[in-house]
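J.: So that we are looking at the same thing, I have put the structure below in structure tokens.
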């Protein structure tokens, strides 16, 4: 009896999987006849109709008012995603093409721009990438460049390859001796530290420095502390917003909300902030998204970084009726290569 139950559950899941596949492909509600015609489910159409009735009763599929067919619900998509025992990897050729395209990026900004554009093209949805968050980054190098009279240029380079530049207007003329002292003191206090720690160590630097350079150091530290603190508004890059009208073509009422959510970015930042380690895929579907504007959307996200160190995240936003296996494979592959490239720079 137990075996029959398992078989019935597996068979119903096969029916659900077929409904998901057909609905994603056609955007039309799926009837039992279409399932019999298109899928080798090896059971009678009466059994399929019965399975569909059970799936509907359990809340995995629903009947739109105007149609005899059925569509998957958020709960149905969730079961489908949870039971993808493994995401089919992309082919060797596809992976090589992704790796090569991203490796051609001239700097961090270009790598991120390429990654998000590529994801949008592969998935035909909206893609989002987060700049490496500064709080987790370490200062690899700091340069102090005199630019005449009472001005200095500070250049901070992080281990993620991010470059922050700040101009300092000093209250006193800057001597070569002062530049050397500032450079040495900053290197000893800041290089090798996480950005957030580095900002804290600057708090008393001016007071403990030689009196003749104190004024310059105060000016430098004030500007540098601001550069070392994370600025969330700089964090996201989007691509593929032109795909929205096509992706949500059958749900025009939701378009405005999706655009609003993408524009405000708060929900996306929260979603990416919830990622804890690189290479773990997260899928949030429909009502699982806290933002009502994304109640008819699905978000597939993954972190990128080096080893266990998370540097940032990327995601694809599409309608709940998306190609989950393909999108998940693309997000994972791109996240992996972005991590490798950013960590290697």
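The values are calculated or read from the model by the stated rules, or taken from the named source; none is laboratory data. None of these values were measured; they are calculated from a predicted model. Note that we place each Cβ from the backbone using ideal geometry, even for glycine, and neighbour counts take in every protein chain shown.
J.: Would it be correct to say that residue 195 is modelled with pLDDT under 80 and surrounded by 15 or more Cβ atoms within 10 Å (Cβ to Cβ)?
T.: Against the criterion (modelled with pLDDT under 80 and surrounded by 15 or more Cβ atoms within 10 Å (Cβ to Cβ)), residue 195 qualifies.
J.: Ok, one more. Yes or no: the stretch 215-224 includes at least one residue that is under 22 Å from residue 108 (Cα atoms) and under 32 Å from the mean Cα position of the chain (by Cα).
T.: yes
J.: Quick test for you: out of 200, 223, 216, pick the one residue that is out of contact with any helix residue (DSSP H, G or I) (no Cβ under 6 Å at 6 or more places or on another chain), outside the structural domain of residue 128 (by TED's automatic domain parsing), closer than 15 Å to residue 166 by Cα and in a helix (DSSP H, G or I).
T.: 223
J.: Could I ask something else about it? Could you figure out which of (1) more than 29 Å from residue 248 (Cβ to Cβ); (2) within 36 Å of the chain's Cα centre (by Cα) isn't true of residue 50?
T.: Of (1) more than 29 Å from residue 248 (Cβ to Cβ); (2) within 36 Å of the chain's Cα centre (by Cα), only one is false for residue 50: (2).
J.: Confirm whether residue 297 is closer than 19 Å to residue 122 by Cβ and without any contact (Cβ under 8 Å) to a residue 24 or more places away in the chain.
T.: So residue 297 fails the test.
Yes or no, residue by residue, for (1) in contact with a strand residue (DSSP E or B) (Cβ under 9 Å, 6 or more places away or on another chain); (2) under 26 Å from residue 308 (Cβ atoms):
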position: 90; (1), (2): no, yes
position: 124; (1), (2): yes, no
position: 131; (1), (2): yes, yes
position: 141; (1), (2): yes, yes
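J.: Pairs needed: first member in the stretch 239-259, at positive phi; second member anywhere, in a loop (DSSP other than H, G, I, E, B) and surrounded by 16 or more Cβ atoms within 10 Å (Cβ to Cβ); C-beta distance under 7 Å; at least 6 residues apart or different chains.
T.: Here the result reads 240/125, each pair linking the stretch 239-259 to a residue that is in a loop (DSSP other than H, G, I, E, B) and surrounded by 16 or more Cβ atoms within 10 Å (Cβ to Cβ).
J.: Then there's this: Looking at residue 62 and the list (1) farther than 17 Å from residue 327 by Cβ; (2) within 32 Å of the chain's Cα centre (by Cα); (3) crowded, with 18+ Cβ neighbours inside 10 Å, which single condition is not satisfied?
T.: Condition (3) is where residue 62 drops out.
J.: Enumerate the strands (runs of 3 or more DSSP E) found wholly within the stretch 250-345, keeping only those where 2 or more residues are under 24 Å from residue 98 (Cβ atoms) and modelled with pLDDT under 90.
T.: 297-306, 309-319
J.: When residue 207 is evaluated against the numbered criteria (1) surrounded by fewer than 17 Cβ atoms within 10 Å (Cβ to Cβ); (2) without any contact (Cβ under 8 Å) to a residue 40 or more places away in the chain; (3) assigned to a helix (DSSP H, G or I); (4) in contact with a helix residue (DSSP H, G or I) (Cβ under 8 Å, 6 or more places away or on another chain), which criterion, by number, is the only one it fails?
T.: (3)
J.: Still on this structure, I have one more. Tell me, which residue of the stretch 54-63 that is in contact with a helix residue (DSSP H, G or I) (Cβ under 9 Å, 6 or more places away or on another chain) and assigned to a helix (DSSP H, G or I) is farthest from residue 18 (Cα to Cα)?
T.: Here the answer is 54.
J.: While we're looking at this one, here's another question. So which of 51, 37 ends up being modelled with pLDDT of 85 or more, loosely packed, with under 11 Cβ neighbours inside 10 Å and either in the same structural domain as residue 119 (by TED's automatic domain parsing) or part of a helix (DSSP H, G or I) (or both)?
T.: 37
J.: Of these, 312, 318, which one is touching a helix residue (DSSP H, G or I) at 6+ places or on another chain (Cβ under 8 Å), buried (at least 18 other Cβ atoms within 10 Å of the Cβ) and within 23 Å of residue 138 (Cβ to Cβ)?
T.: 312
J.: Can you name the residue in the stretch 185-196 that is part of a helix (DSSP H, G or I) and out of contact with any helix residue (DSSP H, G or I) (no Cβ under 9 Å at 6 or more places or on another chain) and, of all such residues, is nearest to residue 343 (Cα to Cα)?
T.: 187
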